[in-house]
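Since the structure comes first, as C-alpha cells, the remarks are kept for the end.
The values are calculated or read from the model by the stated rules, or taken from the named source; none is laboratory data. Bear in mind the structure is a predicted one, so any value in this text is a computation, not a measurement. Neighbour counts are summed over all protein chains in view; Cβ atoms, including those assigned to glycine, are modelled from backbone coordinates with ideal geometry.
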Amino acid sequence: MTSSVFRTKTVEESIRDTEEPEHGLRKSLTAADLTVFGVGVIIGTGIFVLTGKIAKEVAGPSTALAFVVAGVVCALAALCYAEFASTVPVAGSAYTFSYASLGELPAWIIGWDLILELALGCAVVAVGWSGYIRSLMDSAGISMPQALSGTQNGEFGFDLLACLLVLVLTGILVAGMKLSSRVTSVVVAVKVTVVLLVIVAGAFYIEADNYTPFIPPAESSSGVSGIQAPLIQLMTGYTPTTFGVMGIFTAAAVVFFAFIGFDIVATAAEETYHPQRDIPRGILGSLAICTVLYVLVSLVVVGMQHYTELSTDAPLADAFKSVGAPFFAGLISFGAAVGLTTVCMILLLGQSRVFFAMSRDGLLPHFFSHVHPHFGTPYRSTILLGVVVAVVAGFTSIDALAELVNIGTLFAFVVVAIGVVLLRRSRPDLPRGFRTPWVPVVPILSVASSVWLMLNLPAETWIRFAVWMVLGVVIYFVYGRQHSRLHLRRTRKTGDLGSHHSHH
C-alpha cells in the first residue's frame with residue numbers, strides 16, 4: 001500500500017511519455033520567449049499597488065530592501081527549479097518534479113494545489129483587470145450597467161469583462177504557443193516601457209528628505225486575533241512588528257506575492273527547444289529583471305511622496321497627481337490594465353499544462369491528455385479550465401478571492417527544494433543541464449525561508465488550504481490511484497492483467 005502511494009515515475013518514463021505524437025507538446029520556445037513569459041507574469045498589479053501600500057503600512061522607505069529580501073527567497077527556489085527543469089524537461093513543473101523524486105501521492109497533492117492556485121490567481125487578476133478597464137471607460141464617459149460589472153457593495157452582478165477576457169485568452173492559448181508568445185512579447189514590451197517611464201519621470205520629482213528615516217522606528221502592530229492572525233503568532237505569541245528591521249521581513253512576506261510566477265516558466269519546459277540551457281536562463285533572467293524594476297519603482301514612489309502620505313489604492317498614480325503630473329497617473333492605469341492581460345494568460349497556460357500532465361499520467365481523466373493535431377496544444381484541458389475560470393471570474397467578488405492567499409506557491413517551493421536533494425541522492429547519474437550550487441545548503445535555506453513566509457500567513461488561509469488538500473487526497477484514492485498509468489504499467493509487468501492489454 002505505502003509503496004504504491006510513493007511509487008516514483010522515473011525521469012526516463014516521463015521523457016518517454018512526451019514522445020507519443022498525440023500526447024506530446026510541440027516545441028517552439030527559446031530562452032528569450034521564456035524570459036518574456038517570466039516578466040509577463042511577474043509584473044502585474046504588484047508593482048503599481050503593493051509598493052506604496054507596503055511603504056505606508058509596514059516598511060517605509062526600506063520597502064526597497066523588502067523587495068531584495070523577497071527576491072533572494074525566490075532566487076533560492078529558482079535555483080532548485082532550474083536544476084529540476086533541466087533534468088526533467090516535461091510539462092507540469094513542480095508536479096512532474098515531485099513525481100520523479102517524492103512519489104505519486106505527493107505529486108498528486110502538489111498538482112492539485114497548483115491547479116487551485118493558478119485558477120484562483122487567474123480569476124483574481126481578471127477581476128482586477130476588469131476594474132481598471134471600467135475606470136478607464138468611466139473617464140471616457142462610457143459606463144457599464146451594474147448587472148454586468150460584477151458583484152460590488154453587496155449588489156450581485158456578473159463581471160462580463162473579466163469573463164470575456166479569460167475566454168479570449170483561452171482561444172489564443174488553444175491556437176498555439178508561438179502565437180501566445182508573440183502576443184505576450186508585445187504586451188510585455190508595453191508594460192516594461194510604462195514601468196521605465198514611471199521610474200525616469202518620477203526620478204525628477206524625488207526629494208531627498210523623504211528618504212529619512214530610511215528604516216523608520218519599530219512599532220508593534222495592533223495585532224489581529226483569532227484565525228485572522230498569522231499562524232506564527234498563534235503558535236508562539238510573537239506579534240509581528242511594523243517598521244524597524246523586523247518590519248522589512250514582515251514586508252518581504254507580503255511583497256513576495258509580487259514575484260510569484262517565475263515558477264510558471266518551468267511548466268513550459270516541454271515546449272522549449274533547449275530546455276536544459278534555456279529554462280534556467282528564463283527563470284533566473286526574468287527574476288533578476290523584475291527585482292531591479294521593483295527596487296527602482298519603490299525607491300521612486302517613496303522619494304516622490306513621504307511614505308506617511310501615500311495612498312493605498314493607487315499609490316503610484318496618486319504620487320504623480322500629488323506632484324502635479326496627472327498624465328503619468330493615466331499612463332500607469334493603462335500600463336496596469338495592459339499588463340494584467342499577460343498575467344492572466346500565463347496563469348491559464350501554466351494551469352492547463354499541469355492539468356494536461358496529470359491526465360497524461362492517468363491521475364485525471366485521460367480524455368484531457370490529447371494534443372490538438374493542428375495547433376499542437378493541449379486544447380481539451382485548456383478549454384475546460386478556461387471556461388471554469390471565466391465563470392469563476394464572472395461570479396466572484398475580488399475580496400473573497402484575494403483572501404485565498406498564495407500559500408500554494410510556497411508549498412510548491414518547499415516540495416521542489418526537498419525533491420532536488422532526494423533526486424541527487426537516488427539518481428546521481430542523471431544528466432543535469434543545470435546544477436543547483438551548494439546542495440544541500442541552498443535547498444535547506446529555500447525550505448526554511450519558504451516555511452517562514454508561510455507561517456506569516458493568516459491561520460484561516462491554512463485552514464482553507466488544508467480543506468482543499470483533504471479533498472484532493474480523497475479524489476486520489478477514489479480515482480487517481482487505480483487509473484494511474486504507472487500503476488497499470490507495473491501491474492502489467494507482474495502479469496495481473498494477463499491478456500488484457502489496454503491502450504491507457
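So in the range 77-136, with the set limited to residues that are of a type in the set (Gly, Ala, Ser) and over 23 Å from Ser450 (Cα atoms), which one is surrounded by the fewest Cβ atoms within 10 Å (Cβ to Cβ)?
Here is the first cut: in the range 77-136, the residues of a type in the set (Gly, Ala, Ser) are 77-78, 82, 85-86, 91-94, 98, 100-101, 103, 107, 111, 119, 121, 123, 126, 128, 130-131, 135.
Filter again for over 23 Å from Ser450 (Cα atoms), leaving 91, 123, 126, 128, 130-131, 135.
On the way: Ala91: 27, Ala123: 28, Ala126: 32, Gly128: 23, Ser130: 26, Gly131: 21, Ser135: 13.
Among residues in the range 77-136 that are of a type in the set (Gly, Ala, Ser) and over 23 Å from Ser450 (Cα atoms), the one surrounded by the fewest Cβ atoms within 10 Å (Cβ to Cβ) is Ser135.
Hey, could you check the range 74-132 for residues that are assigned to a loop (DSSP other than H, G, I, E, B) and under 22 Å from Val442 (Cα atoms) and say which is modelled with the highest pLDDT?
Here is the first cut: in the range 74-132, the ones assigned to a loop (DSSP other than H, G, I, E, B) are 88-93, 102-103.
Filter again for under 22 Å from Val442 (Cα atoms), leaving 88-89, 93, 102.
Working: Val88: 83, Pro89: 83, Ser93: 80, Leu102: 87.
Top of the filtered list is Leu102.
From the list Leu169, Leu179, Leu160, pick out the single residue that is at pLDDT 75 or above, in contact with a helix residue (DSSP H, G or I) (Cβ under 8 Å, 6 or more places away or on another chain), buried (at least 19 other Cβ atoms within 10 Å of the Cβ) and among the hydrophobic types (A, V, I, L, M, F, W, C).
Values: Leu179 fails: buried (at least 19 other Cβ atoms within 10 Å of the Cβ); Leu160 fails: buried (at least 19 other Cβ atoms within 10 Å of the Cβ).
Criteria check complete, one pass: Leu169.
Kindly list, by first and then second residue, each pair from a residue in the range 285-300 that is more than 13 Å from Thr51 (Cβ to Cβ) to a residue that is in a helix (DSSP H, G or I) and of a type in the set (A, V, I, L, M), limited to pairs with Cβ atoms under 6 Å and residues at least 6 apart or on different chains.
Ser286/Val39; Leu287/Ala78; Ile289/Val39
Can you find even one residue in the range 50-72 that is among the polar types (S, T, N, Q), modelled with pLDDT of 85 or more and over 30 Å from Arg360 (Cα atoms)?
Looking only at the range 50-72, we keep the residues that are among the polar types (S, T, N, Q), and these are 51, 62-63.
If we keep only those that are modelled with pLDDT of 85 or more too, we end up with 62-63.
Filter once more, so that each one left must be over 30 Å from Arg360 (Cα atoms): 62-63.
Looking through the range 50-72, at least one residue is among the polar types (S, T, N, Q), modelled with pLDDT of 85 or more and over 30 Å from Arg360 (Cα atoms).
Scan the range 204-218 and report the pairs whose first residue is on the phi < 0 side of the Ramachandran plot and whose second residue is of a type in the set (Gly, Ala, Ser) and surrounded by 11 or more Cβ atoms within 10 Å (Cβ to Cβ), with Cβ atoms within less than 6 Å and a gap of 6+ or a chain change.
Sorted first by the residue in the range 204-218, then by its partner, the pairs are Ile206/Gly303; Asn210/Gly303; Phe214/Ser62; Ile215/Ser62; Pro216/Gly60; Ala218/Gly244.
Can you find, within the range 1-25, the residue that is farthest from Ile279 (Cα to Cα) among those that are in a helix (DSSP H, G or I) and aliphatic (A, V, I, L, M)? Can you show your working first?
Step one: filter the range 1-25 for residues in a helix (DSSP H, G or I), giving 2-5, 11-17, 21-23.
Filter again for aliphatic (A, V, I, L, M), leaving 5, 11, 15.
Numbers: Val5: 30, Val11: 17, Ile15: 16 Å.
Restricting to residues being in a helix (DSSP H, G or I) and aliphatic (A, V, I, L, M), the top hit is Val5.
Are there any pairs with C-beta distances below 8 angstrom linking a residue in the range 478-504 that is modelled with pLDDT under 50 to a residue that is surrounded by 13 or more Cβ atoms within 10 Å (Cβ to Cβ) and in a loop (DSSP other than H, G, I, E, B), with the two at least 6 apart or on different chains, and if so which?
Close Cβ pairs satisfying both conditions: His504/Gly362.
I need a count of the residues in the range 343-373 that are over 30 Å from Phe477 (Cβ atoms) and either among the basic types (Lys, Arg) or at pLDDT 85 or above (or both). Don't jump to the end; show me each part of the working.
Filtering the range 343-373 down to residues over 30 Å from Phe477 (Cβ atoms) leaves 343-346, 372-373.
Keeping just the survivors that are either among the basic types (Lys, Arg) or at pLDDT 85 or above (or both) gives 343-346.
The qualifying residues number 4.
Going by the conditions given, is Leu422 of a type in the set (A, V, I, L, M, F, W, C) and either part of a helix (DSSP H, G or I) or modelled with pLDDT under 85 (or both)?
Values: of a type in the set (A, V, I, L, M, F, W, C): yes; either part of a helix (DSSP H, G or I) or modelled with pLDDT under 85 (or both): yes.
Here the answer is yes, as Leu422 does meet what is asked.
Kindly check whether there is at least one residue in the range 43-57 that is β-branched (Val, Ile, Thr), crowded, with 24+ Cβ neighbours inside 10 Å, in contact with a helix residue (DSSP H, G or I) (Cβ under 8 Å, 6 or more places away or on another chain) and closer than 29 Å to Pro89 by Cα.
Residues of the range 43-57 β-branched (Val, Ile, Thr): 43, 45, 47, 49, 51, 54.
With crowded, with 24+ Cβ neighbours inside 10 Å added as a condition, the list becomes 43, 47, 51, 54.
Narrowing further to those that are in contact with a helix residue (DSSP H, G or I) (Cβ under 8 Å, 6 or more places away or on another chain): 43, 47, 51, 54.
After this cut, where a residue has to be closer than 29 Å to Pro89 by Cα as well, the list is 43.
Yes, because at least one residue in the range 43-57 is β-branched (Val, Ile, Thr), crowded, with 24+ Cβ neighbours inside 10 Å, in contact with a helix residue (DSSP H, G or I) (Cβ under 8 Å, 6 or more places away or on another chain) and closer than 29 Å to Pro89 by Cα.
Just the residues that are among the hydrophobic types (A, V, I, L, M, F, W, C) and at pLDDT below 85, please, taken from the range 296-319. Even if it seems obvious, please write down each step before you answer.
Restricting attention to the range 296-319, the residues satisfying the condition of being among the hydrophobic types (A, V, I, L, M, F, W, C) are 296-297, 299-302, 304, 310, 314, 316-317, 319.
Across the range 296-319, the qualifying residues are Leu310, Ala314, Leu316, Ala317, Ala319.
In the range 318-331, how many are part of a helix (DSSP H, G or I) and either surrounded by fewer than 23 Cβ atoms within 10 Å (Cβ to Cβ) or touching a strand residue (DSSP E or B) at 6+ places or on another chain (Cβ under 8 Å) (or both)? Give the steps one after another, and end with the answer.
If we filter the range 318-331 for residues that are part of a helix (DSSP H, G or I), which is where we start, we get 318-322, 326-331.
From what is left, the residues that are either surrounded by fewer than 23 Cβ atoms within 10 Å (Cβ to Cβ) or touching a strand residue (DSSP E or B) at 6+ places or on another chain (Cβ under 8 Å) (or both) are 318, 321-322, 326-331.
Total satisfying the criteria: 9.
When the range 154-181 is examined, which residues are found to be within 16 Å of Leu340 (Cα to Cα) and either assigned to a loop (DSSP other than H, G, I, E, B) or among the basic types (Lys, Arg) (or both)?
Once the filter is applied, which keeps residues that are within 16 Å of Leu340 (Cα to Cα) and either assigned to a loop (DSSP other than H, G, I, E, B) or among the basic types (Lys, Arg) (or both), the range 154-181 yields nothing.
Which one of the conditions (1) over 15 Å from the mean Cα position of the chain (by Cα); (2) more than 29 Å from Pro230 (Cβ to Cβ); (3) of a type in the set (S, T, N, Q); (4) modelled with pLDDT of 85 or more does Ser322 fail to meet, given that it meets all the rest?
Ser322 satisfies every listed condition except (4).
Give the number of residues within the range 256-315 that are aliphatic (A, V, I, L, M) and not in a helix (DSSP H, G or I). Walk me through how you get there before you give the answer.
First pass over the range 256-315, keeping only residues aliphatic (A, V, I, L, M): 258, 260, 264-266, 268-269, 279, 283-284, 287-289, 292-293, 295-297, 299-302, 304, 310, 314.
Filter again for not in a helix (DSSP H, G or I), leaving 260, 310, 314.
Count: 3.
Conditions tested, residue by residue: (1) modelled with pLDDT of 80 or more; (2) loosely packed, with under 15 Cβ neighbours inside 10 Å.
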position: Phe204; (1), (2): yes, yes
position: Ser221; (1), (2): no, no
position: Thr241; (1), (2): no, no
position: Ala252; (1), (2): yes, no
position: Phe259; (1), (2): yes, no
position: Ala266; (1), (2): yes, no
position: Tyr273; (1), (2): yes, yes
position: Cys290; (1), (2): yes, no
position: Tyr294; (1), (2): yes, no
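Let's see how each residue does on (1) touching a Leu at 6+ places or on another chain (Cβ under 9 Å); (2) aromatic (Phe, Trp, Tyr); (3) farther than 30 Å from Val439 by Cβ:
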{"residue": "Leu79", "(1), (2), (3)": "yes, no, no"}
{"residue": "Phe84", "(1), (2), (3)": "yes, yes, no"}
{"residue": "Ala123", "(1), (2), (3)": "yes, no, yes"}
{"residue": "Tyr132", "(1), (2), (3)": "yes, yes, yes"}
{"residue": "Ala162", "(1), (2), (3)": "no, no, yes"}
{"residue": "Val166", "(1), (2), (3)": "yes, no, yes"}
{"residue": "Gly176", "(1), (2), (3)": "no, no, yes"}
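Could you look through the range 448-477, keep only residues that are under 19 Å from the mean Cα position of the chain (by Cα) and among the hydroxyl-bearing types (Ser, Thr, Tyr), and pick out the one that is modelled with the lowest pLDDT?
Result: Thr461.
What are the residues in the range 26-73 that are out of contact with any strand residue (DSSP E or B) (no Cβ under 7 Å at 6 or more places or on another chain) and in a loop (DSSP other than H, G, I, E, B), if any?
Of the residues in the range 26-73, the ones out of contact with any strand residue (DSSP E or B) (no Cβ under 7 Å at 6 or more places or on another chain) are 26, 28, 30-33, 35-56, 59-73.
Of everything in the range 26-73, those that are out of contact with any strand residue (DSSP E or B) (no Cβ under 7 Å at 6 or more places or on another chain) and in a loop (DSSP other than H, G, I, E, B) turn out to be Arg26, Ser28, Thr30, Ile43, Gly44.
Within the range 438-453, is even one residue surrounded by 13 or more Cβ atoms within 10 Å (Cβ to Cβ) and either under 16 Å from Ile109 (Cα atoms) or of a type in the set (Phe, Trp, Tyr) (or both)? Spell out how you get there, then give the answer.
Let us first name the residues in the range 438-453 that are surrounded by 13 or more Cβ atoms within 10 Å (Cβ to Cβ), namely 439-440, 442-453.
From what's left, either under 16 Å from Ile109 (Cα atoms) or of a type in the set (Phe, Trp, Tyr) (or both): 452.
Looking through the range 438-453, at least one residue is surrounded by 13 or more Cβ atoms within 10 Å (Cβ to Cβ) and either under 16 Å from Ile109 (Cα atoms) or of a type in the set (Phe, Trp, Tyr) (or both).
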